[in-house]
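**Student:** Before we start, here is the structure in question, set down as structure tokens.
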Amino acid sequence: MPKRLLAFLPALIAVGVGGFFLWALVSGRDASILPSVLINEPAPQFALAPVEDVDRPGVSREDLLGQVTLVNFFASWCIPCLAEHPLITRMAEDGLPVFGINYKNEPTEARNWLRKYGNPYTRIGSDYDGRTGIEFGVVALPESFVIDQNGVIRYKQVGVITPDDLENIILPLIAVLQKEGVANEGADPL
Amino acid sequence: MKTNALRFGRLLTLGLAAQIIALTGAFAQTDGAASDWDGSLDEVPARARLIAATTGVGQLDELRVGIEIELEPGFKTYWRTPGGPGFPTSIDWEGSTNLDTAAFKWPAPTRFDVLGFDSFGYIDHVIFPIEIIPIEIGQPVQLRANVGYLACDDICVPMSADLTLDLPAGPAAPSQFANQIDQFRARVPVTDGVMVGLNFEGAGLQGTTDAPLVQIAFSATEPFVSPDVFVEGPEEIFFGRPEMRLDGNTVVFTVPAEDAFGEEQVNISGQPLRVTLVEGGRALEARINPEWGGFDVAALSPAIASGGGVGIGGLGAAGAAGATGAAGLSIFAVLVFALLGGMILNIFPCVLPVLSIKLLSVVGHGGGSTREVRTGFLASVAGIIAAFLVLATLVVGLKAAGQTVGWGIQFQQPLFLVGMILLLTLFACNMWGLFEIRLPGLVSDTAVRHSGGTSLKGHFFSGSFTTLLATPCTAPFLTTAIGFALTRGIGEVYAVFTALGVGLAMPFILIAAFPKMVTKLPKPGPWMITVKKVLSLALVATAVWLLSVMAAQVSLLTASTVAALMVVVALIFAMRKFIPARAGRAVPVAIAAVAIFAFATPALLPRSEVASAGVEVRAEVAYQPFDPAAIPALISTGKVVFVHVTADWCITCKVNEKRVLEVGDVASALARDDIVVMEADWTRPNDDIAAYLATFDRFGIPFDVVYGQDTPNGKTLPELLTANAVLTALGNASPTLRLALN
């Protein structure tokens, strides 16, 4: 019996050593792979220039303060972004400040896309190298954040916003947050 | 969208373990001919690696490598033109050494739908073949590839992979990836259509300047099954979903074009466009500059020009990027076609006898009760429709397995043919009055003597039998409907086949609805015997027709033998009257024995193929198993050895077989006793075949070699064979052949 167990020893060592290396390997990259848990944390620092030749100012963390905002990561290459575009447009039309972050996208392509499908965003920042995406833990598009008047992330939507999500989660949350006012930290997020 | 969050949140639990297994596994298996995967699918939705067809650079002036991308089920990555939003794979070779050029190849794309938008690309898995030209032949090549690609499902993830693969100096032994790389290379569209049996016929513009339609026509050596076309042009032009009209070996696509930025006028006349035709595993690329008018469909296919053929309407991708709603056949129109086609089948020779027998059986009932007639016919209706559903399931299954499917494919099965012929013979003997034994089940139904004794099961099976008999016949509308179904999804296949079934069952449905029509027929009498003898002849005619199918599909000899056996069956029945009753018991045994012999015939007799067209005589090449070790011995006895490496996925190999190896002078030459033809089937990876190819510095197929006394090391033939090239190579291989073939 012990002999049989010994036979597994090299395999166990291999798995152990391999596991350690992998852990080391992976943990160095997980900012770009794992969604960071940012809910109820202040939005990260960022300052993005506008998309070239698009008639909207850029976005920085300071622009988030003093109002409830929806920050929407989008790109022209992303079909799901196009799928949720009508809803994003509707939210903007209803008066919510919607800030776009144009993720890993050629400015000309983003410009054409906005020209073709409409531009609902009050501000758009160009995150061409994806660094702000990393700060926000964005790996997949689309992704949207509801940010309160203090610049704290209160909700994160990975993937397309469906009408259902909008009616049952996002709009009610925004209504609550808008009543909360400024500097009401520590309130229950939902 | 919680699932998406979860999808990426599993890392520290399952992901880590899986990655250890994946990576340690990868180290163990790849012989250094592949880079590591850049991740695990438990962690990210897609991963990539570099693979090479060889373990070393050898003295090759061109190295075959590939980028393999594996996606989580449901995820897609894009072709060089994504169709809608998306971006193609790109590679940066920065940091590579001894790399002159890297030619990246795009395998033919698939059309798929992402959230209602038509897109072109690859689902679940793809290998992009790459041809590397080294600066210095024989020196190590270090590949450093930064691969950017997009993986999309209901979310999109832009991926970036840094891949490293070193190909050392030393022998270019084939790696385990040689086969797979070549499989994907075989899917890269060719510009010379002969290689894949496809031909570009012409293109032109129709419609108006604010709604132009690009018309593109292709033909094929075999009827089209599910062709699709992809059009690429200047970025300001958006091409919608093609409408297709299909007429056997000809297809005409009409592709709506619109300005990508919403301008009224579309500047398309004379613009350079690239069109890619994809039909199953084969793909052809053509460059066109379509002009207004410019192409006459009527000259190519009158049927298509007059609105015939299979029309496949643009469903029009929904949403903002949607195509213009191209007019075409809706599924409802196709279902009406299917219904009509099914009804028309009833008057075709393959079905008419069965219908007549059925009617006669009712008469046999002596105008039985209305209720009895109704239930009997309804059971047959159920049988017909059930058989069509079984056929639909088969079609769906074969399609899923990547097989080519069409109407009546089972008639290429000799055993099926023998079975049908035998059944028809038994029916005919029965109708002629040669025997009146009640056989169980299916046959009992048409043993019309016994009024009221027919079971519902019998009626059901006679319906199914009707369907089987109908399959070799094609009626107007039928091919249209089936062609449509074959290019669509599972739902459409079932819908169309059900409609066909309802159409075929229409006479039965009518009788079930108005049973009085038949119960009012005259009482049985001597007239019935005459009618039955006439029907018996009709059955014999059907059997003869099936025998002719068999002669075309299998061989004349097999068909004649089966025919003779059927005559024996009839004689046994006929003789029964003249032999003592006790010996009569041996009759069923004798019939069974003959039947078994008939089933064995196709296997026992040599299969010499006679083309049904009857124009060119196709000789069957007697392929021997691949055995390279035996070649020197064969040469020393004066033989010439022809090695043909082929694979199911190698369309050009198949084209070579059909156009050159198995026809005309080449076929008769290869049939000679002093030529041994070896076939190596590389459909699946095979180390022996890969190693053999590598001895010629080849890592892909088609590949054909001729060995003989004068060419003991083998003379390789061009990829696309010609009769002349093969005959010359055979002639050069040995002095005796040179004389014989000249």
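The values are calculated or read from the model by the stated rules, or taken from the named source; none is laboratory data. Small disclaimer: the values here were computed from a predicted structure and weren't measured. FYI the Cβ positions are ideal-geometry reconstructions off the backbone, even for glycines, and counts take in every protein chain you see. Only protein heavy atoms, including side chains, enter the accessible area calculation; ligands, DNA and RNA are left aside. Shrake-Rupley method; radii C 1.70, N 1.55, O 1.52, S 1.80 Å.
**Student:** Would you mention how many residues in the stretch B:124-144 are open to solvent by 40 Å² or more (accessible area, probe 1.4 Å) and out of contact with any Pro (no Cβ under 9 Å at 6 or more places or on another chain)? Step through it out loud before you land on a result.
**Tutor:** The initial filter retains those residues of the stretch B:124-144 that are open to solvent by 40 Å² or more (accessible area, probe 1.4 Å), namely B:124-125, B:131, B:133, B:135-137, B:139-140, B:142, B:144.
Then keep just the ones that are out of contact with any Pro (no Cβ under 9 Å at 6 or more places or on another chain); that gives B:125, B:131, B:133, B:135-137, B:139, B:142, B:144.
Looking only at that region, the number is 9.
**Student:** Follow-up question, since we're still on this one. Residues B:Ala733, B:Ala691, B:Ala630: which one is in contact with a strand residue (DSSP E or B) (Cβ under 9 Å, 6 or more places away or on another chain) and free of Cβ contacts under 8 Å to residues at least 40 places away in the same chain? If you could, list the steps in order and put the result at the bottom.
**Tutor:** Values: B:Ala733 fails: free of Cβ contacts under 8 Å to residues at least 40 places away in the same chain; B:Ala691 fails: free of Cβ contacts under 8 Å to residues at least 40 places away in the same chain.
That would be B:Ala630, the only listed residue that is in contact with a strand residue (DSSP E or B) (Cβ under 9 Å, 6 or more places away or on another chain) and free of Cβ contacts under 8 Å to residues at least 40 places away in the same chain.
**Student:** Moving on. Out of all the residues in the stretch B:232-274, which are β-branched (Val, Ile, Thr), open to solvent by less than 10 Å² (accessible area, probe 1.4 Å) and under 34 Å from the mean Cα position of the chain (by Cα)?
**Tutor:** B:Val251, B:Val252, B:Val255
**Student:** With the structure loaded, tell me whether A:Ala7 is modelled with pLDDT under 95, open to solvent by less than 50 Å² (accessible area, probe 1.4 Å) and hydrophobic (A, V, I, L, M, F, W, C) or whether it fails that test. Before you say what the answer is, go through the steps one by one.
**Tutor:** Values: modelled with pLDDT under 95: yes; open to solvent by less than 50 Å² (accessible area, probe 1.4 Å): no; hydrophobic (A, V, I, L, M, F, W, C): yes.
Spelling it out, it is not the case that A:Ala7 is modelled with pLDDT under 95, open to solvent by less than 50 Å² (accessible area, probe 1.4 Å) and hydrophobic (A, V, I, L, M, F, W, C).
**Student:** Would you mention how many residues in the stretch A:119-167 are at positive phi and touching a helix residue (DSSP H, G or I) at 6+ places or on another chain (Cβ under 6 Å)? Show your work before the answer.
**Tutor:** Within the stretch A:119-167, the subset at positive phi is A:130, A:137, A:151, A:159.
Still in the running and touching a helix residue (DSSP H, G or I) at 6+ places or on another chain (Cβ under 6 Å): A:151, A:159.
Total meeting the criteria: 2.
**Student:** Based on this model, can you work out whether B:Thr446 counts as modelled with pLDDT of 75 or more and closer than 24 Å to B:Thr530 by Cα?
**Tutor:** Values: modelled with pLDDT of 75 or more: no; closer than 24 Å to B:Thr530 by Cα: yes.
No.
**Student:** Applying the selection to the stretch A:137-162, what residues are closer than 13 Å to A:Met91 by Cα and either more than 13 Å from every other protein chain (Cβ to nearest Cβ) or of a type in the set (Val, Ile, Thr) (or both)? Spell out how you get there, then give the answer.
**Tutor:** In the first step, residues of the stretch A:137-162 are kept if they are closer than 13 Å to A:Met91 by Cα; the result is A:144, A:146, A:161-162.
Passing the criteria: A:Val146, A:Ile161, A:Thr162.
**Student:** Can you tell me which residue is nearest to the other protein chains (Cβ to nearest Cβ) among those in the stretch B:239-263 that are aromatic (Phe, Trp, Tyr) and within 18 Å of B:Thr110 (Cα to Cα)? Working first, answer last.
**Tutor:** Step one: filter the stretch B:239-263 for residues aromatic (Phe, Trp, Tyr), giving B:239, B:253, B:261.
Filter once more, keeping what is within 18 Å of B:Thr110 (Cα to Cα): B:239, B:253.
Details: B:Phe239: 15, B:Phe253: 24 Å.
Here the residue is B:Phe239.
**Student:** Next question, about the same structure. Take the residues of the stretch B:206-231 that are more than 23 Å from B:Asn656 (Cα to Cα) and in contact with a Ser or Thr (Cβ under 6 Å, 6 or more places away or on another chain): which is surrounded by the fewest Cβ atoms within 10 Å (Cβ to Cβ)?
**Tutor:** Applying the first criterion (more than 23 Å from B:Asn656 (Cα to Cα)) to the stretch B:206-231 yields B:206-217, B:228-231.
Then drop every residue that is not in contact with a Ser or Thr (Cβ under 6 Å, 6 or more places away or on another chain), which leaves B:213, B:215, B:230.
Values: B:Leu213: 21, B:Gln215: 24, B:Phe230: 25.
Per the stated criteria, the residue is B:Leu213.
**Student:** What tally of residues in the stretch B:71-128 results from selecting those that are more than 12 Å from every other protein chain (Cβ to nearest Cβ), within 19 Å of B:Ala186 (Cα to Cα) and outside any loop (DSSP other than H, G, I, E, B)?
**Tutor:** 12
**Student:** Could you list, in sequence order, all residues of the stretch B:146-174 that are among the small types (Gly, Ala, Ser) and touching a strand residue (DSSP E or B) at 6+ places or on another chain (Cβ under 6 Å)?
**Tutor:** B:Gly148, B:Ala151, B:Ser160, B:Ala161, B:Ala172
**Student:** When you check A:Ala75 against the structure, is it surrounded by 19 or more Cβ atoms within 10 Å (Cβ to Cβ) and modelled with pLDDT of 95 or more, yes or no?
**Tutor:** yes
**Student:** Quick check: is even one residue across the stretch A:104-120 buried (at least 19 other Cβ atoms within 10 Å of the Cβ), in contact with a Gly (Cβ under 6 Å, 6 or more places away or on another chain), under 21 Å from B:Ser119 (Cα atoms) and within 11 Å of chain B (Cβ to nearest Cβ)?
**Tutor:** Checking the stretch A:104-120: at least one residue is buried (at least 19 other Cβ atoms within 10 Å of the Cβ), in contact with a Gly (Cβ under 6 Å, 6 or more places away or on another chain), under 21 Å from B:Ser119 (Cα atoms) and within 11 Å of chain B (Cβ to nearest Cβ).
**Student:** What pairs can you find where one residue is in the stretch A:167-189 and in the same structural domain as A:Gln157 (by TED's automatic domain parsing) and modelled with pLDDT under 60, the other is among the hydrophobic types (A, V, I, L, M, F, W, C) and part of a helix (DSSP H, G or I), and their Cβ atoms are less than 8 Å apart, with a gap of 6+ or different chains?
**Tutor:** none
**Student:** Report, by residue number, each residue of the stretch B:145-182 that is within 14 Å of chain A (Cβ to nearest Cβ), assigned to a loop (DSSP other than H, G, I, E, B) and surrounded by 24 or more Cβ atoms within 10 Å (Cβ to Cβ).
**Tutor:** Residue satisfying the conditions is B:Ile155 alone.
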